[in-house]
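Single-structure report; data block below.
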2 protein chains.
Amino acid sequence: MNSGKATIHDISKALNIDSSTVSRALNNSPRVSSKTKAKILTKAAELGYQRNSLASNLRTNKTNTIGVIVPRISRSFFSSVISGIEETAYKNGYNVIICQSLEDVNREKKIMDNLLSNRVDGVLISISMQTSSYEHLKPFRNHGAPIVFYDRPCNFEGCTSVSIDDFEASFKATEHLISNGCKNIVHFGGPQNIALYKNRKKGYLAALEKYGLEINEIFCFENELSENDGVIMAKEILKMKNVDGIYAANDTSAISALQYLKSKDVKIPEDIAIVGFNNDPISSVIEPSLTTINQPDFEMGRMATNALIDQIKDTSLSVRPIVLKSELIVRSSSKVMP
Amino acid sequence: MNSGKATIHDISKALNIDSSTVSRALNNSPRVSSKTKAKILTKAAELGYQRNSLASNLRTNKTNTIGVIVPRISRSFFSSVISGIEETAYKNGYNVIICQSLEDVNREKKIMDNLLSNRVDGVLISISMQTSSYEHLKPFRNHGAPIVFYDRPCNFEGCTSVSIDDFEASFKATEHLISNGCKNIVHFGGPQNIALYKNRKKGYLAALEKYGLEINEIFCFENELSENDGVIMAKEILKMKNVDGIYAANDTSAISALQYLKSKDVKIPEDIAIVGFNNDPISSVIEPSLTTINQPDFEMGRMATNALIDQIKDTSLSVRPIVLKSELIVRSSSKVMP
DNA sequence: CTGTTAGCGCCTTCAC
DNA sequence: GTGAAGGCGCTAACAG
């Protein structure tokens, strides 16, 4: 007894059927009589046969596996994206390997190496914040495997990017505040070297401009996305006295700011109306009536995976960027009804 | 040009060196002169060579990969465990494949099949809540690959389980409430068919008994871990009037209960003291002074991975359960100082 | 429908 | 220190 490592040859010998027929039967080829197929399957089960994908993949030069690189799986937005990816991949017969870069380029590089040497059929990647050069992606493309960027778009050898229209979402959020009577709207922004936060700021400014509100640079906070930053910003706002609206372009600091404001008995949205992103469920726990921007996370995972699979199946496919829209979820009643 | 799919044979031909020497050089074997080694490495880089792990793994019958099955990566506790797993695995030269069962046995079964056919060297698994039979794990063991259970222990063919001492944690939590003057302590429990929640209830009861407090079955809530349950329980508690302490054995409902109580102007911990688990960061956001039980998540990942790797390296290793202790984080001042 | 043959890319005895 | 030969387990022509 081969201690639980039966191969197609073991089945072949036991049944006096050639191993190629066994292989065909195991792959449910129509070119095997159902009688022998049955015999083979029975024997396989009896011997505890388990296909060796390594050998199979080596031979066919296909792994039916896609690699997913994500900055951090614990972030609510990304874990939803992953759900969408997994669902779509499994539905299409692909397996998924999830890897965390933890926003570290060196890790990202190692992961890409590893995925390549394991010959995954394609990669879905959300580039780490540190990443500025795309050198480590080139070997992958050279091997002919497609790459699709999600959430953080990249201009790289014509690869597809799936992203969210941040400008539009920000514009709508700010517009919502304005149409509810806010005149002095503060913006909690993120690092401006990152396109995403830049676009969000642009959307905010565009809305102010459209409605003829004064653009005040003091109202544009820029922070490092930390909790502490949130408290600092909240204190600043209270000092300013006249602030009546906040458009928060990042969760973490927004949450701590919200918490601080509430602890100072500021009424939301009567005193200060807030719109932020709802990637992090915490914000809606603190203030259930908060108006939020709902990003298409799950949908993003689906779209990106479909695009990738299309390209795996047809390498010559022309690619174009995919842009998804966010949705404004208005939960609170208006601040000022005209 | 082979369009970016160089093999050791390509290097071999280009240099007039046998492929076996190339293979040795690429694996940094000491039996190759440093001169030829250098030549080979240079050529490899030049041709953009990338090892084919499928072939290599097939040949050596080792993948240096461990499979991780987790019920749901978005749960804070599990994503911390994964961090610990990844860190330990990478440090030891192992890759990690993360798979979500989503608490679904059928998915879990498929994942195990897939991991087996990909010949991972071992598996770390937290069994889905649905799982009652371990049949789907047997093929894996038959192939000689070790399995280590984490968080949700199992009696299966002498496999190692790494778990947390829930009884002790619950006992300490309840004891803490008692020593701070609570006389009427309610328990938010989970499904009693799950060992974890059973042990938590036992710890609660043991503490009451030790300190001579009356055991009241009405104080033992059992729920389905939903948010709605939390609100229902909170309302019940307010009706009871005399409740002055809560030991919550699950996050989700505890959070919504906490929120509801605060909305009714119940002072925490003055009116009602609460101890719960801090797996979910939300609870500490709602009430920063909350006393919580800190579970060793990261540490669990490390311990489980080390145990698995030991067993991969030495199959004959005897295994024993590993039990970790939780820590009580007292943030609020005492309810009643004697 | 089934068997024959060959080889995916790599590693590992065994020689020299 | 290097080369020659064989095979890990599977599949894909090509025959018949």
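The angle between the Cα long axis of helix B:297-313 and the main principal axis of chain B comes to about 40°, on a 0 to 90 degree scale. So what's the angle, to the nearest 10 degrees on a 0 to 90 scale, between helix A:195-210 and the longest Cα principal axis of chain A? Once rounded, one gets 40 degrees. At q = 0.06, 0.10 Å⁻¹ the log10 of I(q)/I(0) for chain A amounts to -0.32, -0.70, computed by Debye summation with a single uniform scatterer per C-alpha, solvent ignored.
Give me the compactness ratio for the stretch B:8-51, meaning the Cα radius of gyration over 2.2 N^0.38 Å. List each step's numbers first, then the result.
Numbers: Rg = 9.0 Å, N = 44, 2.2 N^0.38 = 9.3 Å.
The stretch B:8-51 yields a ratio of 0.97.
Each distinct pair of alpha carbons in the stretch A:171-315 adds a 1/r term; the inverse of their mean, the Kirkwood radius, is 16.0 Å.
I want to make sure I understand the PRE zone here: with the label point 7 angstrom from the Cα of A:ASN228 toward its beta carbon, which residues in the stretch A:236-266 have backbone N atoms less than 19 Å away? Backbone N within reach: A:236-237, A:251-261. Calculated [222 nm] ellipticity per residue, helices only, for the protein assembly as shown: -14000 deg cm²/dmol; basis is -39500 (n - 2.57) per DSSP H run with n ≥ 4, divided by all residues, nearest 500. Compared with the dominant principal axis of the Cα atoms in chain B, helix B:251-263 is inclined by about 40°.
Quick note: the coordinates plus some simple rules give every number you see, no bench work behind them. For clarity, every value in this text was computed on a predicted model and none was experimentally measured. Backbone-built Cβ (ideal geometry, glycine too); neighbour counts: all protein chains shown.
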